[in-house]
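Working notes, beginning with the structure itself.
Quick note: the coordinates plus some simple rules give every number you see, no bench work behind them. Keep in mind that what you see is a predicted model, and the values were worked out from it rather than measured. Glycine gets a Cβ as well: all are built from the backbone with ideal geometry, and neighbour counts include every protein chain shown.
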Amino acid sequence: MFLDEGGKSRVFCPIRYKACLSLHTLCTQFLLNNGLTFESKDRNQRNHLTIAGDPTTDGVKYHVYYELMPSKTAGVNVEFVVKSAYDKEYVAAHHKRREHVKRFLRQCHFKQERVPKS
């Protein structure tokens, strides 16, 4: 057991860790394929974008919570920041409208603002 950055007690989960090893591939494919995404809120009512339903290489379905940030790094326009990811079994997501991720990438880049807004 250890404390996270917020001081909350956490337990290492080897199953979740193994699934996270394919997270880079899942996110890369999602962006390359202009995947569908939707806005959602976490337990603290903070807005995120969510990828839902794309199986990773080992068949586990994940919900990936992320935000897009204007980048301050030369040669990089937008940063894709994963906030968390959970096996689909553990998440009950309800969404009304899905959008292609390129819409949100353009919004972040041209308006120079975090997407989604807090």
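The Cβ shell under 14 Å around residue 115 holds other residues with a net charge of +3, Lys and Arg each +1, Asp and Glu each -1. Exceedance of the 21 Å cut-off in Cα-Cα distance is limited, within the set 41/117; 8/117; 8/83, to 8/117.
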